[in-house]
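Data block below; observations after.
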Amino acid sequence: MIIKFPRNYAVDIDNVPDDFEDQIKAVFSEYTEGTAKSYTYQDKLCFIDIMANLINTQSSHPDSYEAVKELMPGMFEHNLDDYGELPDKDDFESIEFMEACYRKGIEDSKLYTKVTGDHHKYDKIMMLEYRAIKAVMEWEG
């Protein structure tokens, strides 16, 4: 399984390069180029946010449109099971459905989340994420 990091850096979770941390630092160095040294902490946080979002979303859906589409069958099931009817268009424009979309967005932004149903793959992904965060936080430009 290939995991994508910011700036199109990708790693096979079963074939991690020995110099992974050095490569992450090089990617981050490019990312923060031009930032005043006193503000690189902001770049570090932003880079980590982007990384978490990339890792979480690439395993489940490529974009927000797809994420919303994934929530729609649940709405159909809920209405059929609870009310015995199909949802109306208005049900998808409801505050409840918007809240579900918002919660999904929050879930996709977390550092600690289950990005795959395979525990072994998940452990490898989380370890790479941890190592990347550590490398970015240790980076001194």
Exercise for the section: Examine the stretch 54-75 for a residue that is over 23 Å from the mean Cα position of the chain (by Cα) and open to solvent by less than 80 Å² (accessible area, probe 1.4 Å), and state whether such a residue exists. Expected result: yes
Problem - Hits in the stretch 93-122 - residues which are in contact (Cβ under 8 Å) with a residue 40 or more places away in the chain and either assigned to a loop (DSSP other than H, G, I, E, B) or over 12 Å from the mean Cα position of the chain (by Cα) (or both) - result: Asp108, Ser109, Lys110, Leu111, Thr113, Val115, Thr116, Lys121
Fill in the blank from the handout: Going through the stretch 100-141 in order, the residues found to be more than 20 Å from Lys25 (Cβ to Cβ), of a type in the set (Asp, Glu) and crowded, with 16+ Cβ neighbours inside 10 Å are Asp108
Practice task
Please name all residue pairs, on different chains or six or more residues apart, with Cβ atoms under 7 Å, provided the first residue is in the stretch 25-36 and is hydrophobic (A, V, I, L, M, F, W, C) and the second residue is open to solvent by 50 Å² or more (accessible area, probe 1.4 Å).
Solution key: Val27/Arg7
Completion exercise
If you go through Asp12, Asp19, Asp43, Asp90, the only one that is surrounded by fewer than 10 Cβ atoms within 10 Å (Cβ to Cβ) and either among the basic types (Lys, Arg) or free of Cβ contacts under 8 Å to residues at least 60 places away in the same chain (or both) is Asp90
Exercise for the section: Evaluate the following for Ile3: is it of a type in the set (A, V, I, L, M), assigned to a helix (DSSP H, G or I), open to solvent by less than 70 Å² (accessible area, probe 1.4 Å) and touching a residue at least 40 places away in the same chain (Cβ under 8 Å)? Expected result: no
Handout entry: Condition check for Glu140: in a loop (DSSP other than H, G, I, E, B), over 25 Å from Asn15 (Cα atoms) and either under 15 Å from the mean Cα position of the chain (by Cα) or not aliphatic (A, V, I, L, M) (or both)
Key = yes
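The values are calculated or read from the model by the stated rules, or taken from the named source; none is laboratory data. The structure displayed is predicted, hence computed values, not measured ones. Quick reminder, even Gly has a Cβ in these numbers, built from the backbone with ideal geometry, and neighbours come from all protein chains shown. In case anyone asks, the SASA skips ligands and DNA or RNA and just uses the protein heavy atoms, side chains included. Shrake-Rupley method; radii C 1.70, N 1.55, O 1.52, S 1.80 Å.
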